[in-house]
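The structure appears below as structure tokens.
The values are calculated or read from the model by the stated rules, or taken from the named source; none is laboratory data. It should be emphasised that the depicted structure is a prediction, and the values quoted were computed from it without experimental measurement. Ideal geometry is used to build each Cβ from the backbone, glycine not excepted, and the neighbour counts take in all protein chains shown.
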């Protein structure tokens, strides 16, 4: 309903601060009927948080060009700057769709539509995500083949990592820019994959998610998705469902 993140909701529910039709509900998996539901919009349950009725928030879909050095979290115990400091004041709650680590930059989606966000991040959808990556070596065909067609194994853990595709964008005397495509979203996947291959990442920029491109959005800026962009992503999700 756009009130908070799923993890925050689970905490509120287990703490007994949420009532469902007047009774405390402590199981976050309890099914409910909400306004706008698929069965019957006229019939829905009443949810309250700390005694206040909860009404659905209007859906918001944002795209941000996240700068390097910013953390993707609502608050940080170390006092580091977060992506929320880049958002305009007065917005209802929105949460990041997936994450970009502190050292990474580029396209980040934020929304209060948690169901839509879950579809974007679900590995089963295999929605392509494209990254431009600067590495500390001059890349050759052999390395590209290892990135795109082989599974790199991480030491004793035996975790297997691979990219859907990789190509060379340009190179200098000592480093290269690569375009790497993923269709899954393991934590720090590209950095871990390249590290397992003996390559160090200098910069990592996400430039697209499915049909949505970062375009010329300025670093640190945020805007709403256009209806056409939202429709294109929804269509891509349906194709991969």
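Tell me, please, whether a residue that is free of Cβ contacts under 8 Å to residues at least 40 places away in the same chain and under 26 Å from residue 15 (Cα atoms) can be found in the range 53-68.
yes
For residue 48, the conditions (1) in contact (Cβ under 8 Å) with a residue 24 or more places away in the chain; (2) closer than 30 Å to residue 214 by Cα all hold with the exception of (2).
Pick out the one residue from 165, 232, 221 that is over 18 Å from the mean Cα position of the chain (by Cα) and surrounded by fewer than 17 Cβ atoms within 10 Å (Cβ to Cβ).
Exactly one of 165, 232, 221 is over 18 Å from the mean Cα position of the chain (by Cα) and surrounded by fewer than 17 Cβ atoms within 10 Å (Cβ to Cβ), namely 165.
In this structure, residue 174 does not satisfy being modelled with pLDDT of 95 or more and either touching a strand residue (DSSP E or B) at 6+ places or on another chain (Cβ under 8 Å) or over 20 Å from residue 108 (Cα atoms) (or both).
When the residues of the range 64-82 are filtered to those that are in a strand (DSSP E or B) and under 21 Å from residue 7 (Cα atoms), the one that is farthest from the chain's Cα centre (by Cα) is 82.
Of all the numbered requirements in (1) more than 20 Å from residue 106 (Cα to Cα); (2) at pLDDT 90 or above; (3) out of contact with any helix residue (DSSP H, G or I) (no Cβ under 9 Å at 6 or more places or on another chain), residue 199 misses one, and that requirement is (3). Could we say that residue 210 is under 30 Å from residue 84 (Cβ atoms), surrounded by fewer than 18 Cβ atoms within 10 Å (Cβ to Cβ), in contact with a helix residue (DSSP H, G or I) (Cβ under 8 Å, 6 or more places away or on another chain) and touching a residue at least 40 places away in the same chain (Cβ under 8 Å) here? Judged against the criteria, residue 210 is not a match. Does residue 69 meet the test of being farther than 30 Å from residue 235 by Cα, at pLDDT below 90 and surrounded by fewer than 15 Cβ atoms within 10 Å (Cβ to Cβ)? No: the conditions fail for residue 69. Please tell me if residue 170 is within 25 Å of residue 68 (Cα to Cα) and free of Cβ contacts under 8 Å to residues at least 12 places away in the same chain. For residue 170, the condition - within 25 Å of residue 68 (Cα to Cα) and free of Cβ contacts under 8 Å to residues at least 12 places away in the same chain - is met. Against the condition out of contact with any strand residue (DSSP E or B) (no Cβ under 8 Å at 6 or more places or on another chain) and either in the same structural domain as residue 218 (by TED's automatic domain parsing) or surrounded by 21 or more Cβ atoms within 10 Å (Cβ to Cβ) (or both), how does residue 85 come out, does it pass? Taking the combined requirement at face value, the residue satisfies it. Scanning the range 10-34 for residues that are farther than 12 Å from residue 50 by Cα, within 26 Å of the chain's Cα centre (by Cα) and surrounded by 12 or more Cβ atoms within 10 Å (Cβ to Cβ) returns 10, 11, 14, 28, 32, 34.
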